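What follows is a short report on a single structure.
Bear in mind these aren't lab numbers, they're just calculated from the coordinates by the rules spelled out. In this text, all values refer to a predicted model and were calculated from it rather than measured experimentally. No Cβ is skipped: glycine too gets one built from the backbone with ideal geometry, and neighbour counts run over all protein chains shown.
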Amino acid sequence: MPRQRLTLPRIAAFKPKSEGFLWDEDAPQLAVRVRASGSKNFIFQSGLGYRDIRITIGSVDAWTIEAAREEARRYQRMIDEGKDPRDVLRQEVEARKAEEVARQAVADAQQVEQRRQALTVADAWPAYVAARSHKWGDSSRRDHEKAIQPGGERITRGRKKGQGEFSLPGMVYSLLAEPLKDLTSERLAAWMQENNERGPTEAAKNYRLVRAFLNWCAERPEYSGIVCPDACRTSEVKDHVRAVKAKGDSLQREQLPLWFKHVRALRNPVHAAYLQTLLLTGPRREELTALRWEDVDFQWKTVTIKDKVEGQRIIPLTPYVAALLAGLPRRNEWVFSSPSAESGRLQEPLKPHKNAMEAAGLPPFTLHDLRRSFGTLAEWVECPVGVVAQIQGHKPSALAEKHYRRRPIDLLRMWHVKIEGWILEQAGISQPSEEQAAGLRVVKA
């Protein structure tokens, strides 16, 4: 067909019986191709060397005539430059794809960073505990659990004077919803000020927990850059951290008769035995409440204690303590059992001790004061410091203690029996002989 200037009416009127081409007069390489199905598309057709090149530009419904002409001229310019338009188009498609991939990668990175910037203390705290808790003792684990408790639980026992009926939230709980990036010096200073009103000692402990948490986050790639570990180190925050004074309370020699008299008079024999054993062996309170019958060897006169430092330690079973334990009922696996406790063992021995102290007119010693008293009273028999530390489960403080002192149980027993005998003598109590202690039997409940 002769070339004609393409117009919309001419394109609409062009209806060949089969496939046909309507060539444009203005752009010689442009034509409208009509297929047998009736579809109409703009095409470009030309040659490069000995090769024929035909490219479909697009549907006549999607392209205007002028746009199709400009696209045909663009393809022809490529050919004039010796380029195959199909290769150029392929490169353009690949470039657009690469650009889209890069644009999507930037968008994804921005979303990841936005999510990272929105991470809260509640998001990172469980990961911190999971990563570090294997290095903590039971007490540290409980401190971290207590710090984020929401509170609101009914207090059924051990409620302090002035305390409400329901438990308060943990001191770190108010920070859980805070984004990590917002834990600034100003926010932490206000947080410390609030907690100091509840208790400066507990607030100082929780400050140290948060400080260690932020230091850990700063070392992790998923949190680095959004936390400021130095926020805890500014004077603005540290001024609110009250110094914890070392406690120095312990039983004096002249207080021993009154202490033993009123502790032995307690109605519950388990409470009485527990408190006396705590004073005469010097363990941590939880170490003693967790004592099982399988840990007590009456034959070889030893006690195996679960130790937070070494995992476990073996101490002597002294005559008087052996008599105390042998007189206890064997209700279950626990030495200091409690039928009313869900765990089956003694949970809160502080209250009976407080009652005994009030009845005796003595200062309100804590259970840890009894552990401290053991170490203090042991000096009266001039017991080596390392022996007391090994019995109590303290970390060795000197190089010789760390690497060169491994005292056998017999040597510990010699000194431990002396310590127990001296304490009982000051209290006016006779220490059982080794033969008497060897003949004791555990009471069956």
Let me know the shape class of region 101-252, please: from the alpha-carbon gyration tensor, a ≥ b ≥ c as square roots of the eigenvalues, rounded when a/c is under 1.5, otherwise prolate if a/b is greater than b/c, or oblate. prolate
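Given an 8 Å cut-off on Cα distances and at least 6 residues of separation, report the relative contact order of the chain as a percent.
11
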Using a Gaussian network model of the chain whose springs link C-alpha atoms within less than 10 Å, name the residue from Thr56, Thr376, Thr302 with the highest mean-square fluctuation. Thr56
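Return a whole-number percent for the relative contact order of region 121-238, with Cα pairs under 8 Å and 6 or more residues apart as the contact set.
The value is 27 percent.
Just need the relative contact order of region 8-83 here, percent rounded to a whole number, with Cα pairs under 8 Å and 6+ apart.
Numbers: 103 pairs, mean separation 17.3, N = 76.
Averaging sequence separation for qualifying contacts and normalising by length gives 23 percent for region 8-83.
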With loop defined by DSSP as not H, G, I, E or B, and exposure as at most 16 other Cβ atoms within 10 Å, which is the longest segment of the chain clear of exposed GluC sites (Glu not before Pro)? 223-309
Considering all projection directions equally, how large on average is the shadow of the alpha-carbon convex hull of the chain, in square nanometres? 41.4
Could you list Phe42, Phe166, Phe374 in order of exposure, starting from the residue whose Cβ has the fewest other Cβ atoms within 10 Å? Phe166, Phe374, Phe42
Going through the cross-link list Lys306/Lys354; Lys146/Lys181; Lys205/Lys238, which pairs have a Cα-Cα distance over 21 Å in this structure? Lys306/Lys354; Lys146/Lys181
Would you mind computing, in nm to one decimal, how far apart the modelled labels at Asp295 and Asn215 are, each placed 7 Å from Cα along Cα→Cβ? 3.0
Choice from Ala272, Ala109, Ala322 showing the highest fluctuation, given a GNM over the chain with Cα pairs closer than 10 Å: Ala109
Set the Förster radius R0 to 60 Å, insert the Cβ-Cβ distance between Gln117 and Arg54 as r into 1/(1 + (r/R0)^6), and round the FRET efficiency to 0.05. 0.65
Can you list the chymotrypsin sites (Phe, Trp or Tyr not before Pro) in region 261-355 that are in a DSSP coil and have 10 or fewer other beta carbons within 10 angstrom? Trp300
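Quick check: from the Cα gyration tensor, does region 253-444 come out rounded (a/c under 1.5), prolate or oblate?
Numbers: a/c = 1.41, a/b = 1.22, b/c = 1.16.
Taking the square roots of the gyration eigenvalues as a ≥ b ≥ c, region 253-444 is rounded.
Return Trp422, Trp136 ranked ascending by Cβ neighbour count within 10 Å, so the fewest neighbours appear first. Please report the intermediate quantities before stating the final value.
Values: Trp422 18, Trp136 14.
Lowest count first: Trp136, Trp422.
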